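K.L.:
Sharing a structure with you now.
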Amino acid sequence: MKTRRGVAADSSAATTSSAGRVWRRTLGLAAGVALATGALLGTAVAPAQAYAPYPTDTINYRDTDNCPCSISDPFDGTYFEKDAGGYAAKVNLYYGGSYIAKVEFHPYDEKLWVYDTKNDGDGIWVEAGWFDGSGAYHRTGVVRPPGTSNVIDYKIVDLDIAEGTHVTVDVYDGDFLLTTAEVIA
């Protein structure tokens with residue numbers, strides 16, 4: 001009896017039951033689905049391409065009891081309205097000596113502003129979180145500018161939260177937490 005390379009001469013050993021073939025196909029299909037799902041989830045975790053190395057940051061805070069007040073920057077500056085009991089923040093981000101982004105929390109009307117100030121294909125993203133009066137925790141989800149060809153892209157989010165609420169503003173580059181600003185609405 002002639003044998004093919006890698007196949008046993010005994011025909012019963014060379015064949016696989018149809019149940020075995022179906023099982024292997026099912027496992028292969030399940031593994032493929034799992035890999036594809038993991039790839040999709042992986043892209044959802046880091047919504048913006050990361051800088052390498054990470055940007056540096058500075059945070060400026062303002063007690064808005066003492067406003068109107070401003071903080072300068074090379075683009076449009078930042079102006080905070082008077083808001084009794086509020087605490088504002090402005091995060092400036094730099095990469096390779098360039099001003100690349102800024103994030104602002106304005107207690108007056110509880111607005112979060114996220115700017116991309118450099119059209120380089122990279123970007124940052126932000127999430128804000130707070131506890132409401134009942135003790136439930138809320139997060140904005142990913143906030144990032146739209147990424148157009150404009151010199152400055154920005155997105156404004158109205159948090160619509162109660163006066164006096166403590167808010168955490170997390171700034172990310174890719175999946176890396178760059179900095180956190182603690183503010184009061």
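The values are calculated or read from the model by the stated rules, or taken from the named source; none is laboratory data. What you see is a predicted model, and the numbers here were worked out from it, not measured in a lab. So basically every Cβ, Gly included, is an ideal-geometry build from the backbone, and we count neighbours across all protein chains shown. Please note that ligands, DNA and RNA were not included when accessible areas were found on the heavy atoms of the full protein model with its side chains. Shrake-Rupley method; radii C 1.70, N 1.55, O 1.52, S 1.80 Å.
K.L.:
May I ask for the net charge around residue 95, where only other residues with Cβ less than 13 Å from the Cβ of residue 95 are counted and Lys, Arg are +1 while Asp, Glu are -1? The partial results should precede the final answer.
P.N.:
Details: positive: 102, 118; negative: 57, 116, 120, 122, 173.
So the environment of residue 95 carries a net charge of -3.
K.L.:
Here is a further query. Roughly to the nearest percent, how much of the accessible area of segment 70-151 is carbon and sulfur, given a 1.4 Å probe? Don't jump to the answer; show the numbers that get you there.
P.N.:
On the way: 1920 of 3760 Å².
For segment 70-151, the apolar C and S fraction of the accessible surface comes to 51 percent.
K.L.:
Sticking with this one: Given labels modelled 7 Å from the Cα in the Cβ direction, how far is it in nm from residue 162 to residue 94?
P.N.:
Inter-label distance under the simple model: 4.0 nm.
K.L.:
Which whole-number percent gives the relative contact order of segment 111-185, counting Cα pairs below 8 Å spaced six or more residues apart? Each step should come with its number before you reach the end.
P.N.:
Working: 153 pairs, mean separation 25.8, N = 75.
Worked out over segment 111-185, it gives 34 percent.
K.L.:
What do you reckon, how do 152, 100 stack up by accessible area (1.4 Å probe), largest on top?
P.N.:
Values: 152 45, 100 0 Å².
Output order, biggest surface exposure first: 152, 100.
K.L.:
Classify segment 116-185 from the C-alpha gyration tensor, please: rounded if a/c falls under 1.5, else prolate or oblate depending on whether a/b exceeds b/c. Please report the intermediate quantities before stating the final value.
P.N.:
Details: a/c = 2.82, a/b = 2.02, b/c = 1.40.
Taking the square roots of the gyration eigenvalues as a ≥ b ≥ c, segment 116-185 is prolate.
K.L.:
Heavy-atom accessible area per residue, segment 53-185, 1.4 Å probe: how many Å²? Let's see the in-between values first.
P.N.:
Details: 6380 Å² over 133 residues.
Solvent-accessible surface per residue comes out at 48 Å².
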